[in-house]
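The values are calculated or read from the model by the stated rules, or taken from the named source; none is laboratory data. What you see is a predicted model; the values in this text were computed from it and never measured. Because the Cβ atoms are built from the backbone with ideal geometry, glycine has one as well, and the counts that use them run over all protein chains shown. Note: areas computed on protein heavy atoms with side chains; ligands, DNA, RNA excluded. Shrake-Rupley method; radii C 1.70, N 1.55, O 1.52, S 1.80 Å.
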Amino acid sequence: MFRFKDGSVHDETGGVLQRNVFTLQSYHLVQRGPAFLEDIEISLERASGKFHVKTRARKDGREKVLDGTFDLPLDAYNGMVSPS
């Protein structure tokens, strides 16, 4: 977690499982405050295959919400999928 002097917060957590490879199990990101163009909260869970993204624009307060499902390769351990 990073806390900025202006009150902004960047909080990022990820859960991994290590068997044959590191496997990302969950991910959560919150960025909030004047240091960012918009407030954002992102979460995903491998077990359910679901993601949730919520953003709020600083300029006009407009909010967007995205929910969906994903299929994440087993060797994705940091949220970044490498090209095959």
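Pull up the stretch 42-84, narrow it to residues that are modelled with pLDDT of 85 or more, polar (S, T, N, Q) and open to solvent by less than 80 Å² (accessible area, probe 1.4 Å), then point me to the one that is nearest to the chain's Cα centre (by Cα).
Only one residue fits best here, namely Ser43.
Taking only pairs six or more apart or across chains, which ones have beta-carbon atoms under 7 Å, a first residue in the stretch 1-19 that is touching a residue at least 60 places away in the same chain (Cβ under 8 Å), and a second residue that is open to solvent by less than 70 Å² (accessible area, probe 1.4 Å)? So the pair list comes out as Gly14/Leu24; Gly14/Ser26; Gly14/Tyr27; Gly14/Gly79; Val16/Thr23; Val16/Leu24; Val16/Gln25.
Taking each residue of the stretch 30-47 that is in contact (Cβ under 8 Å) with a residue 24 or more places away in the chain and more than 30 Å from Leu17 (Cα to Cα) and looking for partners that are part of a loop (DSSP other than H, G, I, E, B) and open to solvent by less than 40 Å² (accessible area, probe 1.4 Å) with beta-carbon atoms closer than 7 Å, six or more apart or interchain, yields Gly33/Ser8; Pro34/Ser8; Ala35/Ser8; Phe36/Ser8.
Based on what the data block shows, is Asp39 part of a strand (DSSP E or B), at pLDDT 90 or above and surrounded by fewer than 15 Cβ atoms within 10 Å (Cβ to Cβ)?
Working: part of a strand (DSSP E or B): yes; at pLDDT 90 or above: yes; surrounded by fewer than 15 Cβ atoms within 10 Å (Cβ to Cβ): no.
The answer is no for Asp39.
For the stretch 1-32, name all the residues that are under 17 Å from the mean Cα position of the chain (by Cα) and loosely packed, with under 12 Cβ neighbours inside 10 Å. Within the stretch 1-32, Met1, Phe2, Thr13 meet the criteria.
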